[in-house]
Amino acid sequence: MLGMPGMPVSASNVPAPRRVTRQLSVGAVGVGGEHPVSVQSMTTTVTADVNATLRQIAELTAAGCDIVRVACPSQDDADALPQIARKSKIPVVADIHFQPKYVFAAIEAGCAAVRVNPGNIKKFDDKVKEIAQAARDHGTPIRIGVNAGSLDPRLLRKHGRATPEALAESALWEASLFAEHDFHDLKISVKHHDPVVMIHAYELLAARCDYPLHLGVTEAGPALQGTVKSAVAFGALLRQGIGDTIRVSLSAPPVEEIKVGLQILQSLGLRPRRLEIVSCPSCGRAQVDVYKLAEEVTAGLEGLPVPLRVAVMGCVVNGPGEAREADLGVASGNGKGQIFVKGQVVRTVPESKIVETLIDEALRLAEQMGTEEQTGTAESRAAADGPKVTVVT
């Protein structure tokens, strides 16, 4: 939910209803329909190095990744797929370019899905019937992944460049070929490095098909630039109910992609909020080092298992109000900090003790919230089971 805790829900602060789509299963993860928007990333290891790839998948899983994609440019990579798909704790999608034989290898290997790039796979259209049959036999969904950088030359000649219309036309054409063979277990992506072009392409697709859509801004750039581009594009589309699974593409370690993706979904109210740090940008009024305080509190509370809003404020203008509205907060000034818990001042501490105190209070709140959740669950189960009578003899 967007807004402050306890804030009434209105039409202005929730996303539009999700677009109605077909549903498919990528391993244990549902995609499309009423399933939650899932978060993906892609490994950067050589897939043939099974141990390194599985280690990175484990890191992504711990960070909250729902689905992981692995590259398959060689036979050695294809040979590694069965072991990786079997040992990964999350669904593995094989990423196929150029060689159609690897599509079949990935399906046979037990991958949860296969991404194909029609723009650069040799004679792809001629292979659709065989791919559809193999995918149907194994229950393997196919992602049609159209990229601006590898668009079919025929469409480039027709449209002059990778326009939104060209991207959408490519994807819809390939989907129609699968439909001719009664295969509809598809999801579609139409990625472009320009968020404006990308948004328009997905809007065209959403209006013309009911397949689930995988959102992505391709070649989005370094961490800051890629984060901004992805947030702008995903926010614009998800706010319209468009998008069923996302991948933030960053020139950064894959775990960073997951962190950004989850934060985007949480900010839109599409994932339960976890830790949220509300901190001021600092200004000439600040009498403490807000940057340092915010960074240290964030680092100290990373991985907190309960939703908690923590306000780290540096002056008396907005500080008390923001700290009061958060679950936990500090309003700082004159080398001291007033610590707020659930809207009430509980103590005043010197600046050197602010971080330590906030972390202690946050852990105490987390423990309390965890106990309340367990109690609530137990009470719900007891109510569901009905009254129990114990006879002592």
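The values are calculated or read from the model by the stated rules, or taken from the named source; none is laboratory data. Everything numeric here is computed off the predicted structure, so don't read it as measured data. Please note: Cβ atoms are built from the backbone with ideal geometry, for glycine as well, and neighbour counts cover all protein chains shown. What goes into the accessible areas is simple: the full protein's heavy atoms, side chains included, and nothing from ligands, DNA or RNA. Shrake-Rupley method; radii C 1.70, N 1.55, O 1.52, S 1.80 Å.
Summary table below
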{"item": "Every residue from the range 56-95 that is more than 15 Å from Thr45 (Cβ to Cβ), in contact with a Gly (Cβ under 8 Å, 6 or more places away or on another chain) and in contact (Cβ under 8 Å) with a residue 60 or more places away in the chain", "result": "Ile67, Ile90, Pro91"}
{"item": "Residues that are open to solvent by 20 Å² or more (accessible area, probe 1.4 Å) and farther than 14 Å from Val116 by Cα, drawn from the range 174-186", "result": "Ser176, Ala179, Glu180, His181, Asp182, His184"}
{"item": "Residue list for the range 278-306, restricted to those being open to solvent by less than 50 Å² (accessible area, probe 1.4 Å) and within 24 Å of Asp66 (Cβ to Cβ)", "result": "Leu301, Leu304, Val306"}
{"item": "Failed condition for Glu108, given (1) farther than 20 Å from Leu24 by Cβ; (2) of a type outside the set (A, V, I, L, M, F, W, C); (3) more than 26 Å from the chain's Cα centre (by Cα)", "result": "(1)"}
{"item": "In the range 149-160, residue farthest from Val29 (Cα to Cα) [restricted to those that are at pLDDT below 90 and either of a type in the set (Lys, Arg) or within 25 Å of the chain's Cα centre (by Cα) (or both)]", "result": "Arg154"}
{"item": "Subset tally (residues that are of a type in the set (A, V, I, L, M, F, W, C) and closer than 24 Å to Asn334 by Cβ) for the range 250-300", "result": "10"}
{"item": "Residue tally, condition open to solvent by 70 Å² or more (accessible area, probe 1.4 Å) and in a helix (DSSP H, G or I), over the range 343-367", "result": "7"}
{"item": "Tally, over the range 25-37, of residues that are surrounded by fewer than 23 Cβ atoms within 10 Å (Cβ to Cβ), touching a residue at least 24 places away in the same chain (Cβ under 8 Å) and in a strand (DSSP E or B)", "result": "2"}
{"item": "Out of Gly160, Gly221, Gly149, Gly243, sole residue that is open to solvent by 40 Å² or more (accessible area, probe 1.4 Å) and on the phi > 0 side of the Ramachandran plot", "result": "Gly160"}
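Matching residues to (1) under 24 Å from Val128 (Cβ atoms); (2) small (Gly, Ala, Ser); (3) not assigned by the TED database to the domain that holds Thr45:
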site: Leu186; (1), (2), (3): yes, no, no
site: Arg208; (1), (2), (3): yes, no, no
site: Val232; (1), (2), (3): no, no, no
site: Ala252; (1), (2), (3): no, yes, no
